[in-house]
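Trainee: I have a structure here, written as C-alpha cells, and I will follow up with some questions on it.
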Amino acid sequence: MIKKPLYVKINFNISKNLTYGYEGGLTLHPYHLIMNKMLKRNFAFIPIEEVVTKMNNDKIQYFVIENDKPYAVKRGKRKSDINYIACQIVRMDCPLKTALDYLEEYEYLLVRDEAKEYIGYLWKESLMHDLAYELECINAYLNTILETINESCTVIDGNQNVIYWTKGAESIFSVSGDNIIGQPITKFFKEDQLEILHTLQHGKSVYQQQHFPREDLVVMINSNPVMLNDKTIGAVVAETDITHVKKLNEELHLTSEKLLNLEKQMNTNGLAYDPFTLIRGNSPQLKSVLEKVKKVAETEANILIYGESGVGKELFARAVHAIREKPEAPFVAINCGAIPSGLFESEIFGYEKGAFSGAHQKGKKGKVELARGGTLFLDEIGEMPLDMQVKILRLLQEKTFYAVGGTKEMDVDFNLVAATNRDLKQLVAEGKFREDLYYRLNVVNFTVPPLRERASDILEISNYFLYEKSIKYNRPIQGIPPEIANILLHYQWPGNVRELSNVIERLVVFSNEGAIHLEDLPSDILAAVPKEELLEIPKDLPQSNGTQLNEQLEYYEREIILQQLASVNGNKKICAKNLGITRATLYNRLKRLNIDV
C-alpha cells in the first residue's frame with residue numbers, strides 16, 4: 001500500500017495487473033536502435049515518503065517503487081495533488097511494435113538493460129513526435145544511400161507505383177525520377193519486361209540473372225520482395241548494365257571459333273608449331289618441369305597446374321594439349337576469374353534457343369561442347385563460383401551436361417587441364433572450394449616455377465621479348481645494355497614473365513636511335529634493386545650489330561659467371577647457389593665458355 005504524504009491528494013491510475021515486460025530471448029531487433037534513440041533519460045527514482053520534498057525539478061520525470069512495482073509520479077492541476085501512474089517494464093531489446101502495444105494501455109514504459117538496470121523511459125504523449133522525427137531520419141539515410149550508389153535501383157509498392165528510382169536507373173533507362181516516381185511502373189515499361197512485377201506477384205527472389213528490358217540492353221539483376229508480417233508489400237530490383245560485357249563475350253566467342261578454325265587449317269597444312277618453343281629458358285628448374293609435362297601428357301589424367309600469376313601456365317597447358325591430342329583437336333581456354341558469375345553457366349554449357357529473353361535465336365554452343373575431342377583448359381579454377389563447382393564436378397564425373405534451357409542430356413568427351421595461382425587446399429579448408437572437386441582435379445599436378453627462382457633464364461627471355469617487341473613497333477634495337485641486364489637479373493619479378501614482357505615493351509616504346517635506356521625502366525624496379533647487389537659488368541660489351549643472339553648471350557653469361565666467382569673468392573658451390581643453378585650445370589657452363597678457374 002502506497003503511503004500518503006501529509007497534506008497531499010493522491011490518485012491511482014492502474015489499468016491492469018502489472019507485468020514485467022518483454023520476456024522473449026535476447027534477440028536484437030532492428031528497431032531497438034530507434035527505441036534507444038527515443039528513450040528519455042531525464043528521470044530519477046525517489047522514495048515514496050520524499051516525493052513532496054524532492055520533486056523540485058520540472059525537467060525530470062520522477063518514479064517510485066512500491067511493492068516491487070514502479071509508478072510514475074505526476075502532479076495534478078493543483079500543486080498539492082500527486083498522481084501515481086502504474087508503469088510497464090520492458091527490456092532494451094523489446095521490439096518497437098510490442099512497445100507500442102504496451103503504450104496503448106500504459107502512459108509510461110520503463111526500459112531496463114540486460115543487467116536489469118533502468119536506462120530510460122518512453123512517454124505516450126511525446127511518442128508520435130519522436131516517431132515522426134525518426135521516420136524523417138530513416139528516410140534521409142535511405143535517400144542518401146540511393147543517391148550515393150552507382151547501380152540502378154528501383155522500388156515499387158504493392159500497387160506497382162514507383163517509390164524510389166536512383167540516378168543509375170535514370171542513366172540506364174533514360175527516364176527521370178521526377179517523371180516516374182509516384183507513377184505505375186507499367187506506364188513506362190511493358191509488363192513482360194518487368195522482372196520486378198514477377199517478384200511482387202509471386203514473392204520470389206532473383207539473384208544474378210540476365211534480363212533484357214530492351215532489345216539493345218542487357219542487365220544483371222537482383223530482385224527481392226519487400227515483406228512485412230509475412231505479406232508482400234512491394235519489391236526491389238537492382239540492375240547492372242552488362243551490355244558491353246555481353247558484347248565482349250560474344251566477340252570473344254567468335255574470335256575463339258575463328259582461332260580454332262585457323263589452328264585446324266595450320267594443322268591440315270602442316271604448319272602447326274611446337275608449343276614448347278614458346279617456353280623460353282634452359283634453367284634446371286624449368287627443364288625439370290618440362291620433363292614432368294612430357295610424362296603427364298602421355299596420359300589422359302586430369303592435370304592441375306600451380307603457379308603464380310604471370311608465369312605462363314597456359315603455355316604449359318597448350319604443351320600438354322599438343323603432346324596428347326591429335327593435330328585437329330580443339331584447345332578451349334576459359335578464365336574462371338574473368339566471367340561474371342551470372343554468365344558462367346551459359347558460357348560453359350551454352351544455351352538453347354529461347355532459354356531466356358533476348359537469347360540468340362539459334363542458341364549458342366558452350367565452351368564444353370567446343371572442346372569436344374580436345375582439351376578444356378580451366379584457368380584460375382580457384383575463382384570459380386561455388387554453385388558452378390557442383391556442375392563442373394558432375395561434368396567431370398559423368399561427361400554429360402545440359403545446356404541452359406535445354407532438356408536433352410548431352411554427352412561430351414574431352415581432356416581437362418586446370419590452373420590456379422591460389423592454394424586450393426587452403427580454399428577447401430576455408431569452405432571456398434569443394435573438396436570433392438579438388439580431388440577430382442588433382443589427379444596429377446606440377447608447379448611452374450616463378451621467374452625469380454630461375455634467374456638464369458631471364459636474359460634469354462628478355463632477348464626474345466626484345467626481338468618480338470622490336471618487330472611489333474618497327475624499332476630495331478641493338479641489344480640489352482649491360483647496366484639494364486644487370487638490373488633485370490637482380491629484380492625479383494613479382495609479376496613473373498608477364499611483368500618482364502611489359503617492361504621490355506616499355507623500353508622499346510621509349511627507345512631512340514636503336515637503343516634502350518636505363519632511365520626508362522619503371523621507377524619501382526630501379527628502387528627495388530639495391531646498388532650493392534648489382535654486379536660490376538663492364539660497359540664495353542660488343543655491339544649486337546651483326547652478332548648472333550647466342551654469341552651475345554654467351555658473352556653476357558661469361559661476364560656474369562666471372563663476376564660472381566670473383567665475389568665469392570672462387571667458391572663454386574656458393575657461386576652456383578647465387579646463380580640459381582646446380583654445381584653440375586655450373587661446371588658444364590665453365591667448360592663450354594672456356595673459363596679456366
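The values are calculated or read from the model by the stated rules, or taken from the named source; none is laboratory data. The structure presented is a predicted model; accordingly, all values stated were derived computationally and were not measured. Glycine also receives a Cβ, built like all others from the backbone with ideal geometry; neighbour counts cover every protein chain displayed. Protein only, heavy atoms only, side chains kept; ligands, DNA and RNA dropped before computing areas. Shrake-Rupley method; radii C 1.70, N 1.55, O 1.52, S 1.80 Å.
Trainee: Please work out the average accessible area per residue across the range 117-257, using the 1.4 Å probe convention, and give it in Å². Walk me through the intermediate numbers first.
Mentor: Values: 8400 Å² over 141 residues.
Heavy-atom SASA per residue in the range 117-257 reads 60 Å².
Trainee: If you don't mind, there's one more thing I want to ask. How far is it, in nm, from the label point at residue 294 to the one at residue 138 when both lie 7 Å from their Cα along the line to the Cβ?
Mentor: Those two pseudo-labels are separated by 7.2 nm.
Trainee: Where nothing but the Cβ of Lys and Arg (+1) and of Asp and Glu (-1) is charged, how large is the charge dipole of the range 113-217 around its Cα centre, in debye to the nearest 20? Spell out each step's value before the answer.
Mentor: Numbers: 7 positive and 17 negative charges, 72 e Å.
The calculation lands at about 340 debye.
Trainee: Tell me the carbon and sulfur percent of the accessible area for the range 160-238, rounded to whole percent, probe radius 1.4 Å. Don't jump to the answer; show the numbers that get you there.
Mentor: Numbers: 2020 of 4450 Å².
Carbon plus sulfur share of accessible area: 45 percent.
Trainee: Over the range 412-474, with the other protein chains present, what is the accessible area per residue in square angstrom, probe 1.4 angstrom?
Mentor: Computed with neighbouring chains in place, this is 47 Å² per residue.
Trainee: How many nm separate the modelled label positions at residue 45 and residue 587, each set 7 Å beyond the Cα in the direction of the Cβ?
Mentor: For the pair residue 45/residue 587, the computed spacing is 9.2 nm.
Trainee: Related question: How far apart, in nanometres, would the label points at residue 432 and residue 505 be if each is projected 7 angstrom from Cα along the Cα-to-Cβ direction?
Mentor: For residue 432 paired with residue 505, the spin-label model returns 2.8 nm.
Trainee: Still on this structure: Applying 1/(1 + (r/R0)^6) with R0 = 60 Å to the Cβ-Cβ distance of residue 105 and residue 207, what FRET efficiency is obtained, to the nearest 0.05?
Mentor: Numbers: r = 44 Å, r/R0 = 0.74.
Calculated value: 0.85.
Trainee: With all protein chains present, how much of the accessible area of the range 32-108 (probe radius 1.4 Å) comes from carbon and sulfur, to the nearest whole percent?
Mentor: 49
Trainee: Here's a follow-up. Take each of the peptides 452-464, 170-182, average the number of other beta-carbon atoms within 10 Å over its residues, and list them starting from the highest.
Mentor: 452-464, 170-182
Trainee: Residue 171 to residue 407: FRET efficiency via 1/(1 + (r/R0)^6), r the Cβ-Cβ distance, R0 30 Å, to the nearest 0.05?
Mentor: Here the calculated transfer efficiency is 0.20.
Trainee: Can I ask one more? Could you work out what % of the accessible surface of the range 291-444 is carbon and sulfur, using a 1.4 angstrom probe and leaving DNA, RNA and ligands out of the count?
Mentor: Result for the range 291-444: 46 percent of the exposed heavy-atom area is carbon or sulfur.
Trainee: When a/c reaches 1.5 or more, the comparison of a/b and b/c decides; with that in mind, is the range 178-235 rounded, prolate or oblate per its Cα gyration tensor?
Mentor: Verdict is oblate for the range 178-235.
Trainee: Past 23 Å, Cα to Cα: identify those pairs from 294/572; 292/313; 37/77; 294/367, in the order given.
Mentor: 294/572; 37/77; 294/367
Trainee: If amide hydrogens are placed 1.01 Å from N in the peptide plane, which non-local residues have theirs closer than 5 Å to the one on residue 234?
Mentor: Amide H neighbours of residue 234, under 5 Å, 5+ apart: 226.
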